[in-house]
Amino acid sequence: MRALELSGITKRYPKVVANGGISLAVEQGEIHALIGENGAGKSTLVSILYGFVQPDEGTIVVGGERRSFKDPTDAIAAGLGMVFQNFNLFPELTVAENVVFGAEPGRLGLVDRRAAAAEVGDLAERYGLQVPVGERVEHLPVGVLQRVEILKSLYRDARILILDEPTGVLTPQESEGLFEVMRSLRAAGKSIIFITHKLDEVMAVADRVTVLRDGRVTASLVTAETSPREISRHMTGRDVELSQRLARSAPGAPVLEVEGVTVEVDGRTAVDDVSLSVRAGEIVGIAGVAGNGQDALAAAIGGHHPLRSGRIRIAGTDVDGADNRRRRDLGFTHIPEDRHVTGSAPLGDAVLNLAVGYHRRSPLRERGLLQPKRMVEHAERLIRRFGVRIAGPAVAVGTLSGGNLQKIVVARELGHDAPLLVAEQPTRGVDIGAIESIHGELDEYRARGGAVLLVSSELSEVLNLSDRIAVMFEGRVMAVIPSAEATVPLLGLMMAGVPYETALAEEAASAAEGGTAR
Amino acid sequence: MTAVTTAARRRDPAVLGRRVLAALTGTVTVSILGALVAVGVLLVAIGQNPFAVYGTLLEGSLTGRGLVTTLQRSVPLVGLSIALIYSFRAGVFNLGGQGQFLVGGLASVVTALALPGTGVLGILAACAAGVVAGAAWGTVPGVIQVTLGPPVLVTSLLLNYIGIAGVSYVISLLKPPSASDQATPTISEDLQISALVPARSPLGEAMGQALERNDVLLLAARGLNWSFVVVILLVIATILFNRRTATGFEAGVTGLNGAFARNVGIRSSRVVLTSLAISGGLAGLIGALVVLGTNFRLLDGQFEATGYAMTAILVVLLGRSSPIGAVLAGFFFSMLQVGGEELNRTFALSPAIASIIQALVIFLVVLRLGIPYVTQRLRRRAEAAATGERIEEVPDAAPTPRDTTTVKEG
Ligand SMILES: Nc1ncnc2c1ncn2[C@@H]1O[C@H](COP(=O)(O)OP(=O)(O)OP(=O)(O)O)[C@@H](O)[C@H]1O
Ligand SMILES: [Mg+2]
């Protein structure tokens, strides 16, 4: 049975056609992947479906009935549910309370907490979603928060679930858990629209895949009958070539030195006696499940958190007490994790967003005056070099698609060619082609003698780029190993808190039993 | 609210065209027309011909002596608005213009009274005193915010009351015992800012002979003083500051997203302090200009009575923190006031008509800006009820980085 049918959906923005007549059918009990390059129109399409954005043209048919959604309330009433990347949960409420919020069971305006907990528990069990029903959501990991969000939709009887890049914030294990949940939902007859940039995920979990390019459907394929190569050809119109990594030269002097650093955040020890160094011409990757102190470490290096103890040196200078500006003057650059909150000024245009940090020096400033024309040229240059899809440099970056905003942030920081780059999740949300080009840029940067501290929840990224890998668990560095010696299972064990020697022994034992996984 | 203009945006003719169109159909234009229509209906109801009334209003404020009066009134209003732009644009909600204006005026009058008459140098010294006093006064809320935490929005407003009371007290000390007014003595003529072309100067006399008595040029030359030029220079300097200096650029970035600014090496506490110092300093300068050029003494309560400082906040909001916007909005408000007085003379209508129009324009602008905001809030609320999402309360005046209403998620 057909759960959903979209036809001829069109949405035009000034200078861009985000959706140009998109048609799409989703069957009941189907996992339908939506894939396409950054700016292809995926988020716009699902926003239209969920009533956030009004289409210029096109029709929506849900369960055989023609619908038009003024706002998400209408969409929810029609049986749609959406899980965003940024979760909207009350940290101080329990899982059950969050799930029922706004639709609480009870009488006379009183919430029946016990009934709520029981109902949510039942619901979670029915679909195999493991959540601690009675726990406050405050300190739960993202993977669990996402399940809470899914439960919220299910609690409101969603029959069609929309997941916009749900795996972007998950660890591989968590993603695997999500796929299990998706499969059990499918078995229960739910339909799922699943947006991702990762072809292996499409192949692993989706029944069908619709490929978008420039706001149009270029293919709609059954995953069992296609290949990643074919999908990516439909996405880009060409074969994505994997670029060759440049030859590595011997690393030079240490650019970043972290010695015995301990950081407290909100009274909890977030970074615990961490020591590591990154030398010129070297990429050191930090592997770890999100929330194990990586962000606090990056913030401490950036000068945003005072150290409880220890010292940090940038290019040989102790930066104790130095603020972010001073550290940047010493050669520190930073791709922060959150592109909206700390990585950009969404209401500002690309010229402003790309000029920041360059505006105190020649050529953007000459004889004390900013040079507006050069600022525009500077922006145009970076936009071209990093392939940002934007109508022009005067466009407010908040209107860009997620991946393209990410490219703006990466372009600004890499453009400095400073000695040190701390890169947190540099390719989060960007498409395969762009991942390739950002990886290529990082590689070249290293070849030119740059030092990179790479924080990524993407193990493949860490393995692919790093010379050495540090594994973080509960604020501590478990071990720093050359990437040649690192394997996914070894890193996985250490990320779960298994000490290096034990992990090595365990891995050797399991390798002896069967084939190694690398 | 914050204007982000870049060369790219200005260069592109299509963008320019769209901006003209946007201005014509924009909130402000529509609100002004709406206010005029509403008041027009009111006028018909009381038996007046609205066209005649509006005609007189325009004529009374935009021709001859009226025009000169309008320009003269624009001087303090636009000047104070420019002062406020320095903080608003940086995301610092400085509501302390009143106190800064007043304290600057007091400092200049005290300096002028203490100085022996030394002409231009003395005027400069008195102005400098106004700047320094205003800057010091204006920076206090910033220091409090940076060191202790309470926001400028609150402390700057509260400081106004302290300023008003303090200035009152100082005036009572300076007041000559014989005088009947609660006012400082009058400053010596030598320290008064002169008209652009004083009537008694050789050029003034030549102009008087060459031009008709009611020639606007003559009226302007005699009726406007040099503060007019100072404010024009201030407007130009502000445009340059915003577009061409690193400090102005950093202030703009901070106003757009403070967390981002801190992350790219902008020292945000320094931005707060600098913008408040400039704001306060300029407000103090305007206080000095009003004392030295118009009032020649400080009469207790006179500055507050003009309402310039509070109206300036509205001018900045209406002009969206842009200097040109402040010039236009400031001129428009002055024009309404002057035209309103003319209506009083011609039609015996209350000059309050002008205030009504002014209030309606503001009201409609807020309404028009507010309606989408409120409906959106309601929608979010309904949706939150439906999905259990948390509503993040976002104050309209201060878009926070989390304000996803204008920002899309990827
Ligand atoms: N509110 C808006 N104003 C202007 N342009 C917009 C707006 N929303 C989307 N666009 C444009 O529409 C196009 C499609 O954007 P969309 O967010 O749907 O892409 P996407 O496929 O989700 O990309 P990504 O993979 O990067 O998330 C982009 O070019 C984007 O800049
Ligand atoms: Mg998207």
Reported set for the stretch A:55-70 where residues are open to solvent by 20 Å² or more (accessible area, probe 1.4 Å) and either within 13 Å of ligand 2 (Cβ to nearest atom) or touching a residue at least 24 places away in the same chain (Cβ under 8 Å) (or both) is A:Pro55, A:Asp56, A:Glu57, A:Gly58, A:Thr59, A:Val61, A:Gly63, A:Gly64
Within the stretch A:277-309, the count of residues that are touching a helix residue (DSSP H, G or I) at 6+ places or on another chain (Cβ under 9 Å) and either among the β-branched types (Val, Ile, Thr) or not in a loop (DSSP other than H, G, I, E, B) (or both) comes to 7
Item to complete: Report yes if A:Thr10 is among the polar types (S, T, N, Q), within 16 Å of ligand 1 (Cβ to nearest atom), assigned by TED's automatic domain parsing to the domain that holds A:Thr223 and buried (at least 23 other Cβ atoms within 10 Å of the Cβ), otherwise no.
Response: no
Any residue in the stretch A:360-377 that is in contact with a Leu (Cβ under 6 Å, 6 or more places away or on another chain) and at pLDDT below 95? no
Of B:Phe333, B:Phe241, B:Phe296, the only residue that is within 14 Å of chain A (Cβ to nearest Cβ) and aromatic (Phe, Trp, Tyr) is B:Phe241
Selection from the stretch A:76-88 of residues within 15 Å of ligand 1 (Cβ to nearest atom), in contact (Cβ under 8 Å) with a residue 12 or more places away in the chain and open to solvent by 20 Å² or more (accessible area, probe 1.4 Å) yields A:Phe84, A:Gln85
### Message
Whether any residue in the stretch B:253-261 is touching a residue at least 40 places away in the same chain (Cβ under 8 Å), out of contact with any Gly (no Cβ under 8 Å at 6 or more places or on another chain) and either outside any helix (DSSP H, G or I) or open to solvent by 10 Å² or more (accessible area, probe 1.4 Å) (or both) is what I want to check.
### Response
yes
Pairs returned, first residue in the stretch A:39-54 that is near ligand 1 (Cβ under 7 Å from one of its atoms), second residue that is assigned to a helix (DSSP H, G or I), beta-carbon separation under 6 angstrom, 6 or more apart or interchain, are A:Gly39/A:Asn404
Among residues of the stretch B:169-198 being of a type in the set (S, T, N, Q) and farther than 21 Å from B:Ala221 by Cβ, the residue surrounded by the fewest Cβ atoms within 10 Å (Cβ to Cβ) is B:Ser178
In this structure, does B:Ile144 turn out to be part of a helix (DSSP H, G or I) and closer than 26 Å to B:Gly330 by Cα?
no
Going through (1) open to solvent by 40 Å² or more (accessible area, probe 1.4 Å); (2) more than 24 Å from the chain's Cα centre (by Cα); (3) more than 14 Å from every other protein chain (Cβ to nearest Cβ) one by one, A:Ala219 fails only at (1)
Residue set A:Thr44, A:Thr94; condition in contact with a Lys or Arg (Cβ under 8 Å, 6 or more places away or on another chain), closer than 14 Å to A:Leu212 by Cα and open to solvent by 10 Å² or more (accessible area, probe 1.4 Å); output residue A:Thr44
Check: For A:Leu178, are the conditions met, namely being open to solvent by less than 50 Å² (accessible area, probe 1.4 Å) and either closer than 23 Å to A:Asp74 by Cβ or outside any helix (DSSP H, G or I) (or both)?
Finding: no
Filter the stretch A:313-333 for residues that are facing chain B (nearest Cβ under 7 Å) and buried (at least 20 other Cβ atoms within 10 Å of the Cβ); the one that is nearest to A:Pro419 (Cα to Cα) is A:Arg328
Requested in this report: Assess whether A:Thr73 counts as being in contact with a Lys or Arg (Cβ under 7 Å, 6 or more places away or on another chain), of a type in the set (Ser, Thr, Tyr) and either under 28 Å from A:Leu405 (Cα atoms) or more than 12 Å from ligand 1 (Cβ to nearest atom) (or both).
Outcome: no
If we ask which residues in the stretch A:398-428 are within 12 Å of ligand 1 (Cβ to nearest atom) and either more than 9 Å from chain B (Cβ to nearest Cβ) or not β-branched (Val, Ile, Thr) (or both), their number turns out to be 12
Checked A:Leu364, A:Leu370 against criteria (open to solvent by less than 10 Å² (accessible area, probe 1.4 Å) and at the interface with chain B (Cβ under 8 Å from one of its Cβ atoms)); the one match is A:Leu370
Screening B:Ser275, B:Ser334 for residues that are at pLDDT 95 or above, over 17 Å from B:Val230 (Cα atoms) and part of a helix (DSSP H, G or I) leaves only B:Ser275
If we keep only residues of the stretch A:145-167 that are open to solvent by 20 Å² or more (accessible area, probe 1.4 Å), more than 11 Å from every other protein chain (Cβ to nearest Cβ) and outside any loop (DSSP other than H, G, I, E, B), then the residue farthest from ligand 2 (Cβ to nearest atom) is A:Arg147
Scanning the stretch B:319-331 residue by residue, the ones that are surrounded by fewer than 22 Cβ atoms within 10 Å (Cβ to Cβ) and in a helix (DSSP H, G or I) total 5
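The values are calculated or read from the model by the stated rules, or taken from the named source; none is laboratory data. The structure displayed is predicted, hence computed values, not measured ones. Positions of Cβ are generated from backbone atoms using ideal geometry, with glycine treated the same way; all protein chains shown enter the neighbour counts. SASA here: full protein model, heavy atoms, side chains in, ligands and nucleic acids out. Shrake-Rupley method; radii C 1.70, N 1.55, O 1.52, S 1.80 Å.
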